[in-house]
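Report on the structure given below.
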Amino acid sequence: MNERRIGIVMNGVTGRMGLRQHLERSIVAIREQGGIEAADGSMIIPEPILVGRNELKLRRIAEQYDLTRWTTDLSEALAEPDVEIYFDSQLTQLREKGVRAAVEAGKAIYCEKPIAEGLDAAVELARLVRDSGLKNGVVQDKLSLPGLRKLKRLVDGGFFGRILSVRGEFGYWVFEGDWQEAQRPSWNYKSEEGGGIIVDMFCHWRYVLDQIFGPVRSVYCQGATHIAARYDEQGKEYPATADDAAYGVFELEGGIVAQMNSSWATRVFRDELVEFQVDGTEGSAVAGLRRCRAQHRSATPKPVWNPDLPATENFREQWAEVPDNEVFDNGFKVQWEMFLRHVTSTADDSEFPWDFVEGAKGVQLAELGLQSWREGRKLEVPPLGIESRP
């Protein structure tokens with residue numbers, strides 16, 4: 001069987017997400033399984049070139065995963081003759097420069113989100129990438145989670161009837177860093193370094209809501225910085241200048257109301273770190289990262305509210321498990337495989353559904369969320385004024 005080896009510049013793999021999800025669980029995993037099959041029957045083998053600012057970290061990562069190519073010079077990596085893709089998982093404030101360099105070098109671009117620090121920059125970058133004619137994509141990993149794929153199956157199958165509402169809960173307690181080490185890097189809590197849960201999670205909620213339930217038409221957001229001081233990686237106390245919780249209400253096309261709570265200052269009392277409850281006229285469902293349970297109209301019990309008596313029903317047992325019906329892989333890896341096939345395909349219908357225009361929509365919702373919080377009012381979500389194709 002023919003092999004097609006494709007060079008990928010991976011910029012930002014010394015960070016948690018770039019290392020674990022994109023390098024280890026996606027690219028390295030694809031290499032270990034022998035590649036992925038292309039439309040023409042050949043095997044696509046990714047050949048990563050690691051790029052970052054810390055030479056020592058790059059060397060250690062390369063040795064750990066038995067890789068030989070790494071550099072601190074992005075231009076050097078982009079000039080390699082076998083490179084076809086540029087991937088960026090750097091800090092948001094560094095991303096635009098890397099993407100522009102990749103456009104100049106004529107490489108396909110795959111990028112983490114947010115694609116830029118603000119909406120104007122995101123739209124400008126999306127327009128630049130679109131007009132270049134280069135294949136491009138933005139990571140929208142939650143769409144590939146098993147729980148949400150099963151939920152989407154219910155939506156597409158008409159299970160809910162008319163969808164009324166969506167309620168999402170996401171988050172966990174991130175330790176302050178003094179008596180226990182924080183699970184997230186300190187820049188997440190510094191607005192001057194691009195931190196904040198609104199900037200982080202509203203990009204996710206935009207594509208989840210848009211692509212599973214319907215386009216977002218308005219937003220009201222209440223943000224908060226619940227933990228005022230945290231401790232960095234060196235154990236030094238610093239003031240938290242970014243929001244660590246966001247409570248959002250979104251109106252979707254068709255009158256669907258979505259409520260999304262996002263917090264790094266909450267303790268988990270649910271089955272999974274993120275859960276969505278969807279209620280419709282014909283049925284309801286609760287989906288998490290992996291599981292999805294549903295209750296049809298015909299099987300809905302008739303509870304009676306009586307605060308003077310203990311509950312006698314086990315409400316969780318009244319829901320049915322939605323079966324897998326397929327084998328689910330890591331969501332990041334699934335989208336990497338899609339993008340690799342997209343880049344190597346010559347077919348006209350090989351479109352990647354989540355391009356830089358979709359990425360700009362996430363930045364738009366985050367910016368509107370921050371504005372809504374500042375002004376204390378509901379805001380409409382206007383059209384971006386840019387389409388995926390010229």
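The values are calculated or read from the model by the stated rules, or taken from the named source; none is laboratory data. This is a predicted model, so every value here is computed, not measured. All Cβ positions, glycine included, derive from the backbone under ideal geometry; neighbour counts span all protein chains shown.
Would you call residue 212 among the β-branched types (Val, Ile, Thr), surrounded by 15 or more Cβ atoms within 10 Å (Cβ to Cβ), in the same structural domain as residue 188 (by TED's automatic domain parsing) and under 25 Å from residue 112 (Cα atoms)? Considered against the rule, which asks whether it is among the β-branched types (Val, Ile, Thr), surrounded by 15 or more Cβ atoms within 10 Å (Cβ to Cβ), in the same structural domain as residue 188 (by TED's automatic domain parsing) and under 25 Å from residue 112 (Cα atoms), residue 212 comes out as yes. Among residues of segment 33-52 being in contact with a strand residue (DSSP E or B) (Cβ under 6 Å, 6 or more places away or on another chain) and small (Gly, Ala, Ser), the one that is surrounded by the most Cβ atoms within 10 Å (Cβ to Cβ) is 35.
Assigned by TED's automatic domain parsing to the domain that holds residue 211, in a loop (DSSP other than H, G, I, E, B) and free of Cβ contacts under 8 Å to residues at least 12 places away in the same chain - does that describe any residue in segment 260-274? Yes. In the set (1) in a loop (DSSP other than H, G, I, E, B); (2) among the charged types (D, E, K, R); (3) farther than 27 Å from residue 147 by Cβ, residue 367 fails one condition alone, (1).
Taken as a whole, the condition of being in a loop (DSSP other than H, G, I, E, B), farther than 30 Å from residue 23 by Cα and in contact with a helix residue (DSSP H, G or I) (Cβ under 8 Å, 6 or more places away or on another chain) does not apply to residue 307.
So that you can scan it fast, the table gives a plain yes or no per residue for (1) aliphatic (A, V, I, L, M); (2) surrounded by 20 or more Cβ atoms within 10 Å (Cβ to Cβ):
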residue	(1), (2)
63	no, no
87	no, yes
103	yes, no
113	no, yes
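As for segment 190-205, it holds no residue that is surrounded by fewer than 20 Cβ atoms within 10 Å (Cβ to Cβ) and over 21 Å from residue 370 (Cβ atoms). Of note, residue 278 does not satisfy the criterion of being among the aliphatic types (A, V, I, L, M) and outside any strand (DSSP E or B). Only residues that are assigned to a helix (DSSP H, G or I), in contact (Cβ under 8 Å) with a residue 40 or more places away in the chain and not aliphatic (A, V, I, L, M) were counted across segment 315-335, and they come to 4.
Restricting attention to segment 222-250, and to residues there that are small (Gly, Ala, Ser) and surrounded by fewer than 14 Cβ atoms within 10 Å (Cβ to Cβ), which single residue is nearest to residue 380 (Cα to Cα)?
Only one residue fits best here, namely 228.
Just one residue in the set 247, 238 is closer than 17 Å to residue 222 by Cα and of a type in the set (Ser, Thr, Tyr); that residue is 247.
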